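Visitor: Before anything else, here's the structure in question.
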Amino acid sequence: MRTNKITIAIDGYSSTGKSTLAKALAKELGYLYVDSGAMYRAVTLYALDHGIISDRLDTDLLITKLPEINIEFRLNASSQVGEMFLNGKNIEGPIRSMRVSDWVSPVAAVSEVRTKMVAMQQAMGLDKGVVMDGRDIGSVVFPDAELKLFLTASDDIRSQRRFDELKSKSTDLSLQMVKANLISRDQQDSSREDSPLIKSPDAIVIDNSNLTIKDQLELVLKLVEGLD
Ligand code: DC
């Protein structure tokens with residue numbers, strides 16, 4: 001068992017099981033888990049609820065409103081996982097909706113939004129002992145992370161997993177809608193100018209299309225143990 005704490009960065013495409021792995025790793029290692037995507041989702045929810053997004057995103061208005069957007073993770077005592085709060089309100093449910101998923105990529109492409117989020121993420125990782133998942137964690141947020149992982153899985157498997165996760169909450173959702181959203185977000189997240197989703201050259205790629213959650217966790221724990 002390692003004694004010195006490290007930083008673990010997990011990046012990859014939408015719905016590749018990054019948060020499932022990150023949460024399990026954090027629990028196993030006694031580390032802090034940070035879902036950086038939840039932060040971009042929180043900003044998107046604010047924009048949707050405050051007339052900043054109608055049929056288009058008003059980028060200038062969003063930038064002027066940024067100081068009014070106060071987001072924080074508060075620890076849920078029973079799950080021991082941080083939940084996203086926006087201006088004092090728990091928004092864990094609404095940020096996972098398709099309404100937010102449909103707009104989060106354009107919001108996450110705004111440099112001023114990213115600057116604010118990245119500063120918060122780096123502050124949360126100052127003492128190490130953190131597992132953070134997202135799109136730019138290994139490339140921008142923690143370029144010196146001791147372990148960088150890049151997760152992938154086939155489009156069909158990712159869509160099915162996401163659909164299974166969402167269908168209990170929303171009945172008017174189809175597998176096709178979920179797949180279209182994943183593919184469109186991946187495209188936007190990979191092609192934006194600021195901090196696009198890329199695999200850092202030093203990241204280890206894990207295709208988990210045919211891996212169980214348990215097998216993947218064991219594999220990554222071995223990687224952690226094997227670090228110098
Ligand atoms: O991980 P997620 O699907 O909840 O993330 C939602 C969106 O937020 C994703 O489509 C792109 C953006 N994101 C980002 O740009 N950078 C991150 N570090 C995390 C998420």
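The values are calculated or read from the model by the stated rules, or taken from the named source; none is laboratory data. No experiment lies behind these values; they were computed from the predicted model shown. Here Cβ is always computed from backbone atoms with ideal geometry, including for glycine, and neighbour counts include all displayed protein chains.
Visitor: Here are the criteria: (1) under 30 Å from L227 (Cα atoms); (2) more than 16 Å from the ligand (Cβ to nearest atom). Tell me which single one R74 does not satisfy.
Guide: (1)
Visitor: Consider the range 109-155. How many of its residues are outside any loop (DSSP other than H, G, I, E, B), in contact with a Gly (Cβ under 7 Å, 6 or more places away or on another chain) and small (G, A, S)?
Guide: 1
Visitor: Collect the residues in the range 205-228 that are closer than 17 Å to S154 by Cα and touching a residue at least 40 places away in the same chain (Cβ under 8 Å), keeping them in residue-number order.
Guide: Of everything in the range 205-228, those that are closer than 17 Å to S154 by Cα and touching a residue at least 40 places away in the same chain (Cβ under 8 Å) turn out to be V205, I206, D207, N208, S209, I213, Q216.
Visitor: Quick one: in the range 51-90, which of the residues that are closer than 18 Å to Q121 by Cβ and of a type in the set (V, I, T) is surrounded by the fewest Cβ atoms within 10 Å (Cβ to Cβ)?
Guide: V81
Visitor: Considering only helices (runs of 4 or more DSSP H) fully contained in the range 7-70, which possess at least 2 residues that are within 18 Å of S111 (Cβ to Cβ) and modelled with pLDDT of 95 or more?
Guide: Passing ranges, in order: 36-49, 59-65.
Visitor: Something else now. If you take the residues in the range 174-189 that are in contact with a helix residue (DSSP H, G or I) (Cβ under 7 Å, 6 or more places away or on another chain) and under 21 Å from A109 (Cβ atoms), which one is surrounded by the most Cβ atoms within 10 Å (Cβ to Cβ)?
Guide: D189
Visitor: While we're on this one: Return only the number of the condition from (1) more than 15 Å from the ligand (Cβ to nearest atom); (2) more than 15 Å from the chain's Cα centre (by Cα) that A26 does not satisfy.
Guide: (2)
Visitor: Right, here's the next one. With respect to E83, is the statement that it is assigned to a strand (DSSP E or B), at pLDDT 95 or above, charged (D, E, K, R) and within 16 Å of the ligand (Cβ to nearest atom) true? Please lay out each step first, then the result.
Guide: On the way: assigned to a strand (DSSP E or B): yes; at pLDDT 95 or above: yes; charged (D, E, K, R): yes; within 16 Å of the ligand (Cβ to nearest atom): yes.
Criteria met by E83.
Visitor: Name the single residue, out of those in the range 114-173 being under 21 Å from V104 (Cα atoms) and among the acidic types (D, E), that is nearest to the ligand (Cβ to nearest atom).
Guide: D136
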